[in-house]
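The values are calculated or read from the model by the stated rules, or taken from the named source; none is laboratory data. These figures come from a predicted structure and were not determined experimentally. Because the Cβ atoms are built from the backbone with ideal geometry, glycine has one as well, and the counts that use them run over all protein chains shown.
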Amino acid sequence: MENNNNFKRERVRPTFPKKAVVTGGMPYGNKELHFAHFGGYMVHADVFARFLRDRLGKDNVVFVSGTDCYGSPAIESYRKLKDEGKINDENVAEFVKRNHEIQKDTYETFEIMHNLFGASGIGRAGEIHNETSKEFVEKLYNNKTLSKLGSFQFFDKKYNCLLNGRQVIGKCPIENCQSEKGYADECDLGHQYSPIELIDPVSTLSHEKPELVKIENWYFNLQNYLDILSQWVDNISKDKSTRSFMIKEIKEFFKKPEIYIKKDQLEKFEEVKNNIPNFHVKEENSNASSLTIFFDKLEDREKACEVLTQNQIRYRTGKTLVPFRLSGDIEWGVPFPTLERLENQTFYVWPESLWAPISFTKTYLESIGKDENEWKKYWASKDAEIYQFIGEDNLYFYGPAQQAIWLATQGENPTLDPSEGQLRNTHIIPSKHVLYLNVKASSSGAFKPPMARELLNYYTPEQLRMHFLGMNLGNNNVSFMPKPLNPNAKPEEADPVLKEGNLLTNVFNRVLRSVFYTAQNELDGIVPVREISEKIKEECKNTILNYEQFMADKKFHQVINNVDVFVRNINKYFVKEIREADTKEKIATLIANTLEYIKTATYLLHPIAPKGTENVAKYIGFNDKMFNWDYIFEDLYFFFDVKENHKLMQLKEKEDFFKKHPSQLIEEE
């Protein structure tokens, strides 16, 4: 029998698909990007997409996002800025197109490498998006998953017009919501509700309380998918890469419809409760500040809300699954197909933005000459996976709403394991909030965040990429505390934003220069051919395997920690060994071993700091097999076209592979 003490079990490595789509949440077309558009989720999406390109091959990965062009945010921002004389755009389309170009350029400046950063209402991407939207809603309609419902919409009597979502401001009715702004039927944290539930509504046009009128719209019957959505959540909760807060937040929407009535309103409630249909009273602690009543049917809660509102009884509602609105009457929107004589409607902005990444994938693949059905190999194949990086506020839409819509396209009896050619449920990777100076900043709120471009006055893209990846946004809200923008920062304090980036600009730069200068001075720049230390090869292998698992789990702060420890160990190794390298042979062995370390670090840092690492690879002279994970466990010499007499490029004095921002150099002087 084999001695278990001597048995070394081979580590089980994570599996990856043959093809992958990576998407990043779409910024609205009404503004430039603020820092959280980059640091909150898009840099994580970019790093993961770059990793997958190295891991799977670049032709097997499509990374898309784009400007969310339509809806009331664009209309309202355009109207306000035009009235204030701050913009010269002739119409909202021109306004959005200008913002799209700025967004696209900003992401490129931060080294975000989309295959396509499109726009849902511009150019070929816009045309394909219109077609895709029509196909989606017709399939949902034919599968009998839509309902034509009468719903309330706000009407400004003074201006004699219906108000779009952003032209009404009030307080979110959802219990315990911390939103700063409640709009007509959703708050700025993504909670959805009926307009009749909005607390203290005010028209942004007349600044008066608007009336409620009833109109007809098309809705997706989201609430009918509760059972299969519950199965979906149970399944993903078993995956250790699923973020725990996401499970908790999604499950909150699976509760029965609830209403919370403050204790000081109970006397009024007693007078009207007989007019409220089919409700149950929830037993709670006698010290609770409110009475909770709940309903078996959503329509009963809606009738209850009408009764309570008519009798001026204050209340809040709980999260639950509600019919997901698909259509509206906003002129600036994707045309909605005519169904059952309901004409001249446009898509409500949220549903069409959910399938916009499919439209962008189609647009990209068409642009490189692929067949029109090629997109299905990425979105509807068992060989592919879809990874969607979003902010926490959008969990409702990409969680229950999107997953249910995808399931509904299968027709009757949808399954969580669809057949080939059917849309696959997606992996959702939400980030917690990135605070700014310990406060939740919002471009639509009182405390404004810095624009993304503004940060480039103080930091390089690589420094910012390292810092935002190092935040543990998969578990916690984290504050962004840039010293140059912090009025409370003390001069003697270090800048917290530079902590992770110093690994590149200080530690890795130092060991790279040391190796290059030593090789140039002692070995004429030639890489010596020596047997690489088994201990070093084992350390490299373990670091690679840890890194691969952290990437598979989307634990980016652990990726940074893993690489940080490894690079610092390289520096410690070189500093220690160079002191004892008193012969040319010892120097040659040290250079070979350190370059083996550097090769591995360069591989692992490639998705994070692409320009700097590609420059390292160029100076060392690695061939085109470098960065391909098929060869990641090969030794240093595998990546040289000629093993013997391979010469490093000449490195000039004080030349850096990872540069500091000019403002930081001035401070050091």
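Given the criteria assigned to a helix (DSSP H, G or I) and within 16 Å of M551 (Cα to Cα), does H37 qualify? Spelling it out, it is not the case that H37 is assigned to a helix (DSSP H, G or I) and within 16 Å of M551 (Cα to Cα). Of the numbered criteria (1) farther than 25 Å from K432 by Cα; (2) of a type in the set (S, T, Y); (3) surrounded by 14 or more Cβ atoms within 10 Å (Cβ to Cβ); (4) at pLDDT 95 or above, the one S77 fails is (4).
One line per residue, one yes/no per condition, for (1) surrounded by fewer than 24 Cβ atoms within 10 Å (Cβ to Cβ); (2) not in a helix (DSSP H, G or I):
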residue	(1), (2)
L321	yes, yes
N344	yes, yes
W350	yes, no
S353	no, no
I358	no, no
T361	no, no
K370	yes, yes
N373	yes, yes
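Evaluation of P484 against the conditions (1) part of a loop (DSSP other than H, G, I, E, B); (2) surrounded by fewer than 18 Cβ atoms within 10 Å (Cβ to Cβ); (3) not assigned by TED's automatic domain parsing to the domain that holds V563 shows that the sole unmet condition is (1).
Only residues that are closer than 23 Å to N311 by Cα and either at pLDDT below 75 or crowded, with 20+ Cβ neighbours inside 10 Å (or both) were counted across the range 175-191, and they come to 4.
Can V96 be described as touching a helix residue (DSSP H, G or I) at 6+ places or on another chain (Cβ under 9 Å), crowded, with 23+ Cβ neighbours inside 10 Å and β-branched (V, I, T)? When the stated conditions are applied, V96 passes them. Looking across W355, W375, one residue alone is free of Cβ contacts under 8 Å to residues at least 40 places away in the same chain and within 19 Å of T409 (Cα to Cα). It is W375. Candidates K31, K8: the one that is at pLDDT below 95, under 22 Å from the mean Cα position of the chain (by Cα) and in a loop (DSSP other than H, G, I, E, B) is K31.
From the list E454, E420, E385, E462, the one residue that fits, being modelled with pLDDT of 95 or more, in a strand (DSSP E or B) and either in contact with a Cys (Cβ under 9 Å, 6 or more places away or on another chain) or of a type in the set (D, E) (or both), is E385.
This table checks each residue for (1) in a helix (DSSP H, G or I); (2) at pLDDT 95 or above; (3) farther than 30 Å from A49 by Cα; (4) assigned by TED's automatic domain parsing to the domain that holds L648.
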| residue | (1), (2), (3), (4) |
| --- | --- |
| S479 | no, yes, no, no |
| P491 | no, no, yes, no |
| V507 | yes, yes, no, yes |
| V515 | yes, yes, yes, yes |
| A519 | yes, yes, yes, yes |
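Considering F468, F447, which residue is part of a loop (DSSP other than H, G, I, E, B), of a type outside the set (S, T, Y) and either outside the structural domain of T106 (by TED's automatic domain parsing) or touching a helix residue (DSSP H, G or I) at 6+ places or on another chain (Cβ under 6 Å) (or both)? Only one candidate passes the filter, namely F447. Against the test of being within 17 Å of L33 (Cβ to Cβ), without any contact (Cβ under 8 Å) to a residue 60 or more places away in the chain, in a helix (DSSP H, G or I) and not hydrophobic (A, V, I, L, M, F, W, C), the options E101, E135, E94, E127 yield a single qualifying residue, E101. I'd like to know if the range 210-223 contains one or more residues that are free of Cβ contacts under 8 Å to residues at least 40 places away in the same chain and within 20 Å of P257 (Cα to Cα). Checked the range 210-223: no residue is free of Cβ contacts under 8 Å to residues at least 40 places away in the same chain and within 20 Å of P257 (Cα to Cα).
Among the conditions (1) of a type in the set (S, T, Y); (2) at pLDDT 95 or above; (3) surrounded by fewer than 22 Cβ atoms within 10 Å (Cβ to Cβ), the only one that S443 does not satisfy is (2).
Of the helices (runs of 4 or more DSSP H) lying entirely inside the range 548-663, none contains at least 2 residues that are within 24 Å of N509 (Cβ to Cβ), assigned by TED's automatic domain parsing to the domain that holds G57 and in contact (Cβ under 8 Å) with a residue 60 or more places away in the chain. It is to be established whether one or more residues within the range 534-544 are aliphatic (A, V, I, L, M) and part of a helix (DSSP H, G or I). Looking for residues that are aliphatic (A, V, I, L, M) and part of a helix (DSSP H, G or I), one finds at least one in the range 534-544, hence yes.
Considering the conditions (1) modelled with pLDDT of 95 or more; (2) more than 21 Å from N561 (Cα to Cα); (3) hydrophobic (A, V, I, L, M, F, W, C), V642 is excluded by exactly one of them, (1).
Please enumerate the residues belonging to the range 49-106 that are more than 21 Å from the chain's Cα centre (by Cα) and β-branched (V, I, T). Matches in the range 49-106: I75, I87, V92, V96.
Among the residues that make up the range 541-555, is at least one of them within 29 Å of A519 (Cβ to Cβ) and among the acidic types (D, E)? No: the range 541-555 contains no residue that is within 29 Å of A519 (Cβ to Cβ) and among the acidic types (D, E).
N502 fulfils the conditions (1) at pLDDT 95 or above; (2) more than 28 Å from A49 (Cβ to Cβ) except for a single criterion, (2).
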